[in-house]
Structure formats: C-alpha cells, structure tokens
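Here's the structure, in structure tokens; my notes come after.
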Amino acid sequence: MPKKQRQKLIIVTGSPCVGKTTVTDMLFTRYDNSAFFDGDWAWCVNPFSLNDRRLRNGDKTMSFALSTYLNSDFDYVFFSTVIAVDKTIRENILKDITAKDFSVTSFTLTCSEETLLERHKKRGDKNECSFFWLHLKPLEGDYVIDTDNKSVQQIVDEMKKIIDEE
C-alpha cells in the first residue's frame, strides 16, 4: 500500500494589496483535499487598530484554524496573511499548531511601489497606501515571487510548480 503523502501547510505573505488573497484563493482550488484560511478573518474587529494589544489573540485564532484543518486530514492547507512576514509572529503561530508531521512551504509576494499603489487604488481602500510591509526583508527560506507584470494565473502556476516539486 502506498504511503500517504505528508500534509503541506502553504504560507503566502507580503504587503497589503500585493495579491495574497487573490492568488491563494485561486491556488487552493487547484488542489483536491485542500483548505484555505485567510489571516484577515482572524482580525475582523471594530474598531481596528494595529496598536490594539488584543490583535495578538488573532494569532491564536490562526493557529487554531490551521490546527483544525491539518487535524482534519486535508492534504494541503493554504494560509494567507500579512503578519507572517514577521519571524517572531510566524514562529508563534506555527508553534501553537497542534497537528504533527506536516511540512511548511512559504512564499513572500512582492511588487514595485508603483504596482502596489495601482492595486491599492483599484481595491478602493480608503486608507493611505503604506510601503512599510513591501520593504521588509523576506524571511530566510521563503520563495519570493515578484508579481509585477504577471497575471494571477501566471503567479499561481509559478507557485504550484514549486509546491509540487517539494
């Protein structure tokens, strides 16, 4: 009997408006027996403020949701979030996952400032466009995907090739 493949947790991170959710949503549909959790869902609070210390509770929600998917025997679990660009936050989310024996593949999506501004306007975001997240150094081991001048399909194909080769 063939051995079951090891589960894969796929992390997609990068600046707001870089295309994480759009890409991850399309990518996860290319895999059978997969689940998708958008980290933004754990931060749906009103009023929202990055200074609100309770946002770190969202990290626990992320760990719980990812644990639930992995413990439910999905082969692929896709996780899209801005905050996984921070090493300490990513490590804290991962250490609280209760599932065992899964691999992690991480992607950082990036683009030029001009592209980010264009996407920000297109999204209709009323907040000021910040380049803070865009200029953070990707974590060691992340696959960095430049999304400039690429369609969503091209980005998904590039990521899928990496996932399938691992």
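Given the criteria in contact (Cβ under 8 Å) with a residue 40 or more places away in the chain, crowded, with 18+ Cβ neighbours inside 10 Å and in a loop (DSSP other than H, G, I, E, B), does Phe79 qualify?
no
Quick one: how many residues across the stretch 45-76 are at pLDDT 95 or above, in a helix (DSSP H, G or I) and over 18 Å from Lys95 (Cβ atoms)?
The total comes to 0.
Starting from residues that are surrounded by fewer than 12 Cβ atoms within 10 Å (Cβ to Cβ) and in a loop (DSSP other than H, G, I, E, B), keep the ones in the stretch 109-130 and report whichever is modelled with the highest pLDDT.
Glu128
If I ask for residues that are over 14 Å from the mean Cα position of the chain (by Cα) and crowded, with 18+ Cβ neighbours inside 10 Å, which ones from the stretch 28-42 would you list? First the steps, then the outcome.
Let us first name the residues in the stretch 28-42 that are over 14 Å from the mean Cα position of the chain (by Cα), namely 29-34.
Answer for the stretch 28-42, where residues must be over 14 Å from the mean Cα position of the chain (by Cα) and crowded, with 18+ Cβ neighbours inside 10 Å: just Tyr31.
Filter the stretch 58-76 down to the residues that are more than 24 Å from Val18 (Cα to Cα) and surrounded by 13 or more Cβ atoms within 10 Å (Cβ to Cβ) and list them by number.
Across the stretch 58-76, the qualifying residues are Lys60, Phe64, Ser67, Thr68, Tyr69, Leu70, Asn71, Phe74, Asp75.
All but one of (1) without any contact (Cβ under 8 Å) to a residue 24 or more places away in the chain; (2) buried (at least 16 other Cβ atoms within 10 Å of the Cβ) hold for Ser106; which doesn't?
(1)
Can you run down the residue pairs with Cβ atoms below 9 Å, 6 or more apart or on separate chains, where the first is in the stretch 37-55 and more than 26 Å from Val77 (Cβ to Cβ) and the partner is at pLDDT below 80?
These pairs meet every condition: Ser49/Leu55; Asp52/Val45.
Of a type outside the set (A, V, I, L, M, F, W, C) and over 13 Å from Leu9 (Cα atoms): does that describe Asp101?
Criteria not met by Asp101.
Go over the candidates Ala42, Ala99 one by one and state the one that is in a helix (DSSP H, G or I), on the phi < 0 side of the Ramachandran plot and not acidic (Asp, Glu).
Working: Ala99 fails: in a helix (DSSP H, G or I).
It is Ala42.
The values are calculated or read from the model by the stated rules, or taken from the named source; none is laboratory data. Everything numeric here is computed off the predicted structure, so don't read it as measured data. Cβ coordinates were reconstructed from backbone atoms using ideal geometry, including for glycine residues, and neighbour counts include every protein chain displayed.
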